[in-house]
Amino acid sequence: MSTRSSSAGGPAGGLALELGAAAVVLGYGVLITRVVPDALYVPVNLAAAGLAVAALRRAGVTWRDLGLARERMKSGLRLGGLTIIPIAASVAVGLALPWTRDFFRDTTIVSASTAEAAYTLLLRIPFGTALAEELIFRGALLGLFLQRHRPWVAALMSSAVFGLWHVLPTLNSLETNPGAAATTGSVLLQIAAVAFVVVSTGVAGAFFCALRLRSGSVLAPWLTHTAFNSLGYLGSRITGLLPK
């Protein structure tokens, strides 16, 4: 549970801080997607996450509210580990069904070299993406929102920002995913596809928040987030070996 610190000042000051933090996070999302070179993605994302956590600690947010309390690490690892098998089973079913298999196909992933795939699976996804995003969204941002709001409200707020964070990556993926081919040339269909991803990633963010709040540690959503992305990536690689 949150300590609901008053360090953010009165209601107006607290709201301004929350809106400012959300704006900074979304602005950074544009930079990491469109400006930062791909070779610097992992170190820049981890550095940004570290700065976000450090800023909240300096503002008086506790390690517990940030999901980084040492005594909760085992609980986080245990709960996060329990989610891996269901995720793997879901990916396997998605690959087995012809009408869902195309959504795993991505020309960029399928054509990547073995070295590129290994880098993505061992570094980019678990650390550059999953760990950095969990520290930002389920660590710093959720920790900030917990200072003035009930846990479920803080979780919804963090998840809404997490959904909006995925607008630009979704627009990028529409160009390389055959499953999204129907949206080509239609602005309305592209808007619908982006809206769907924003809502679905917002829901995923809420699930990650639930894991974080239940376990008391960002390690739980980090393991789950890593499993989602890594197994999805492996699924895309496997589609290159399967018939269309």
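Table: residues versus (1) over 21 Å from residue 33 (Cβ atoms); (2) surrounded by fewer than 22 Cβ atoms within 10 Å (Cβ to Cβ); (3) of a type outside the set (A, V, I, L, M, F, W, C).
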{"position": "100", "(1), (2), (3)": "yes, yes, yes"}
{"position": "107", "(1), (2), (3)": "no, yes, yes"}
{"position": "122", "(1), (2), (3)": "yes, yes, no"}
{"position": "141", "(1), (2), (3)": "no, no, no"}
{"position": "144", "(1), (2), (3)": "yes, no, no"}
{"position": "151", "(1), (2), (3)": "yes, yes, yes"}
{"position": "158", "(1), (2), (3)": "no, no, yes"}
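Scanning the stretch 56-75 finds one or more residues that are crowded, with 21+ Cβ neighbours inside 10 Å and at positive phi.
I'd like to verify a number: residues in the stretch 53-69 that are touching a Phe, Trp or Tyr at 6+ places or on another chain (Cβ under 9 Å) and free of Cβ contacts under 8 Å to residues at least 24 places away in the same chain, how many? Qualifying residue count, the stretch 53-69: 1. Note on the stretch 199-244: residues that are over 30 Å from residue 72 (Cβ atoms), crowded, with 18+ Cβ neighbours inside 10 Å and touching a Leu at 6+ places or on another chain (Cβ under 8 Å) amount to 2. Pairs linking a residue in the stretch 104-122 that is over 18 Å from residue 92 (Cα atoms) to a residue that is of a type in the set (S, T, N, Q) and in a helix (DSSP H, G or I), with Cβ atoms under 8 Å and 6 or more positions apart or on different chains, are 112/120.
Of all the residues in the stretch 21-39, those that are under 19 Å from residue 54 (Cα atoms) and touching a helix residue (DSSP H, G or I) at 6+ places or on another chain (Cβ under 7 Å) number 6. Considering only residues in the stretch 49-91 that are polar (S, T, N, Q) and touching a Ser or Thr at 6+ places or on another chain (Cβ under 8 Å), the one that is farthest from residue 232 (Cα to Cα) turns out to be 62.
Counting the residues of the stretch 185-243 that are in contact (Cβ under 8 Å) with a residue 40 or more places away in the chain, assigned to a helix (DSSP H, G or I), more than 23 Å from residue 132 (Cβ to Cβ) and among the hydrophobic types (A, V, I, L, M, F, W, C) gives 1. Take the conditions (1) at pLDDT 95 or above; (2) more than 20 Å from the chain's Cα centre (by Cα); residue 24 misses just one of them, which is (2).
The values are calculated or read from the model by the stated rules, or taken from the named source; none is laboratory data. Here the structure is a predicted model, which is why all the values come from computation and not from measurement. Note that each Cβ is placed from the backbone with ideal geometry, even for glycine, and that neighbours are counted across all protein chains shown.
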